[in-house]
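Report on the structure given below.
The values are calculated or read from the model by the stated rules, or taken from the named source; none is laboratory data. All values derive from a computational prediction rather than experimental measurement. Backbone-built Cβ (ideal geometry, glycine too); neighbour counts: all protein chains shown. Side chains included, ligands, DNA and RNA excluded: accessible areas come from the protein's heavy atoms. Shrake-Rupley method; radii C 1.70, N 1.55, O 1.52, S 1.80 Å.
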Amino acid sequence: MSDQNPVFIPGPTNIPDRLRNAMHLQTRDHRAPDFVETFAPVLHDCKRVFGTDNGKVIIFPSTGTGGWEAAICNTLSPGDKVLIARYGMFSHRWIDLCERHKLDVQIIECAWGNGAPAEKFADALRADQYNEIKAVLVTHNETATGVRSDIGAIRNAMDSANHSALLFVDCVSSLASMPFEMDKWEVDIAVSGSQKGFMLTTGLAILGVSQKAITAMETAQLPRTFFDFQDMLAANENGGFPYTPPLQLIFGLKESLAMLFEEGLDNVYARHHRLAEGVRQAVNAWGLRLCANSPELNSDTVSAIYVPEGFDSNQLTEHAFNTYGVSFGIGLGEMNGKAFRIGHLGSLTDVMVLSGLASIEMAMADLDYPVTLGSGVRAAQEYYRTTARKFR
Ligand SMILES: *Cc1c(COP(=O)(O)O)cnc(C)c1O
C-alpha cells in the first residue's frame with residue numbers, strides 16, 4: 001500500500017497536506033485565550049457551510065453516528081413518534097438508533113436506489129391528525145447507494161400537510177460538497193462530521209441546530225450528558241467546551257473552512273459535480289449501471305455501481321487493493337457483493353479521479369469483466385477536457 005495513492009472510499013476522505021499540517025500541533029491549554037480566539041470564529045464560519053444565519057453550530061468530539069444520537073436525545077422523549085424512510089444502510093442505521101432509544105419509529109420502506117419519497121411523507125403527515133409525529137428524519141445523501149434526496153421537497157411535503165414536526169437531516173456525506181440550505185429548507189438539525197467534505201480526520205460531529213430544536217430541548221426527556229446541547233451552548237458562549245476539546249481537530253477545521261472559502265463554496269460544489277459527472281460517463285462507457293434509480297438522484301459525492309451478473313464486487317475491491325494499492329468502497333448491506341462504490345468527495349482533482357478510474361479498470365480487466373480497458377478513462381477524459389476549469 002502506498003500512501004501516495006488517494007482513497008476512493010466515500011469517507012473518510014483524502015486529507016490535504018495543508019490540513020495535516022494544521023492538525024500537527026503540540027498540546028495547548030484549551031482554557032487559554034488563543035483557543036477561545038480560534039474556536040469562536042470556527043463555530044461562526046461553519047454556519048455558512050450549513051447555509052444558516054438563524055441556527056447555531058454545535059461540535060462534539062464524536063462521529064456522524066454520535067451526531068444522530070445528539071439530535072435525538074436533545075429534542076425527543078421516550079415513546080415519541082418519528083417518521084423516516086429506509087432506502088440504504090445509513091437511513092437503516094439511523095432507524096436502529098431511534099429504536100434503541102425507545103422511540104416509536106414509523107418507517108416508510110423504499111427500494112434501495114430510491115430517494116426520500118416526498119409524496120409518501122406528505123401522506124403520512126396528513127394522516128397524523130393528532131400531531132403525534134415529533135420529527136421527520138431524512139438522509140440527504142445515502143452513501144450506500146449514491147443517492148441524493150431533495151430536502152426542499154420534503155420541506156414542501158411537511159408544509160403541504162401543515163405539520164409542525166421537527167426536520168432532522170443527515171448531511172454527513174453531502175455537507176461541504178453539495179449545496180445545503182439549512183435555513184431555506186427549515187432544517188431543525190443537520191448532522192455532519194469532520195471526515196468527509198471537511199477533509200479532516202474522523203473525530204468531530206458537526207451539527208447545525210435551529211431555534212425550534214433548541215426550544216424542543218426544554219421538554220425533551222431522553223437522557224443525555226456528554227451530548228447535552230445546553231451544556232455545550234453555555235460553554236461555547238464563553239468560547240470554551242464543557243469538557244476537553246479535540247484541539248487539533250478544531251485547528252484543522254479552521255484551516256478546512258479557510259480552504260473551502262478560498263475556493264468558494266459554489267466552486268467546491270461545481271467541482272464535485274464535474275468530478276462526479278466524469279465518473280458517471282465512465283460507468284456508462286463500461287456498460288455498467290448505477291444503483292441510483294434515476295439521474296436526478298445521482299449523488300455528486302459517491303457513485304455506487306452494480307457489477308455485472310455473476311461477478312462479486314467484494315472480489316473486485318479486494319483485488320484493486322491487493323494488486324494496485326487503491327481502496328474503493330464495498331457494497332453495504334443488501335448491495336454487498338453486488339456493487340462497489342467510488343467515493344469522489346473532499347480533496348480531489350480530475351487527475352486523481354482519472355487515476356482511480358484507470359485502477360479499477362485494470363482490476364476489472366484482470367478479473368475478466370466484459371469491460372474494454374481504457375473505455376471509462378477515455379469517456380471521463382473527454383468530459384474533463386471539454387469542461388476544464390483553467391488553472392490560469
Ligand atoms: C459517513 C456517514 C455517517 C457517519 O458515520 P460515522 O462513521 O459515525 O462518522 C452517517 N451518515 C452518512 C450518510 C454517512 O455517509
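Observations on the model:
- Where the range 264-391 is the region considered: accessible area per residue in Å², 1.4 Å probe: 45
- Extension reserve of the Asn131-Glu181 stretch, reckoned as 0.36 nm per residue once the Cα distance is removed: 15.4 nm
- Among Gly146, Gly51, Gly193, the largest mean-square fluctuation in a Gaussian network model of the chain, built with springs joining Cα atoms closer than 10 Å, belongs to Gly51.
- Rounded to the nearest 20, the Cβ-based charge dipole of the chain about its Cα centre (Lys and Arg +1, Asp and Glu -1) stands at 560 debye.
- At R0 = 35 Å, FRET efficiency that the Cβ-Cβ distance of Ser294 and Glu262 yields, to 0.05: 0.50
- P(r), alpha carbons of the range 140-266 - 10 Å bins starting at zero, rounded %: 11, 35, 38, 15, 1
- Over the chain, the ratio between the Cα radius of gyration and 2.2 N^0.38 Å evaluates to 0.99.
- Environment charge at Gly376 (Cβ cut-off 12 Å; Lys +1, Arg +1, Asp -1, Glu -1): 0
- Heavy atoms of the protein chains alone define the surface here; on that basis the range 17-261 has 39 Å² accessible area per residue at 1.4 Å probe size.
- Ranked by the mean number of other Cβ atoms within 10 Å of their residues, highest first, the peptides 162-174, 11-23, 223-235 come out as 162-174, 11-23, 223-235.
- Folded to 0 to 90 degrees: helix 33-50 orientation relative to the chain principal axis, Cα: 70
- Part-to-part distance (alpha-carbon centres) for the range 66-94 and the range 307-384, which is given in Å: 33
- When the solvent-accessible area of the chain is split by element, carbon and sulfur atoms take up 48 percent of it, the probe being 1.4 Å.
- Within the range 159-198, backbone nitrogen closer than 14 Å to the virtual label 7 Å beyond the Cα of Arg48 toward Cβ: 176
- Acute angle (nearest 10 degrees) that the helix 313-324 long axis makes with the longest principal axis of the chain, alpha-carbon atoms: 70
- Amide N of the range 43-82 lying under 16 Å from the label point, which is placed 7 angstrom from the Cα of Thr215 along Cα→Cβ: 54-56, 75-76
- With Cα atoms, 0 to 90° folded angle of helix 375-387 axis to the chain main axis: 60
- Per-peptide average of other Cβ atoms within 10 Å, ordering 242-250, 196-204 highest first: 196-204, 242-250
- A simple spin-label model places pseudo-atoms 7 Å from Cα toward Cβ; at Asp368 and Asp96 they are separated by 3.6 nm.
- Taking 26 Å as the straight-line reach from the Cα of Lys81, the lysines in range (excluding those fewer than 8 positions away in the same chain) are Lys56, Lys102, Lys120, Lys134, Lys184, Lys212.
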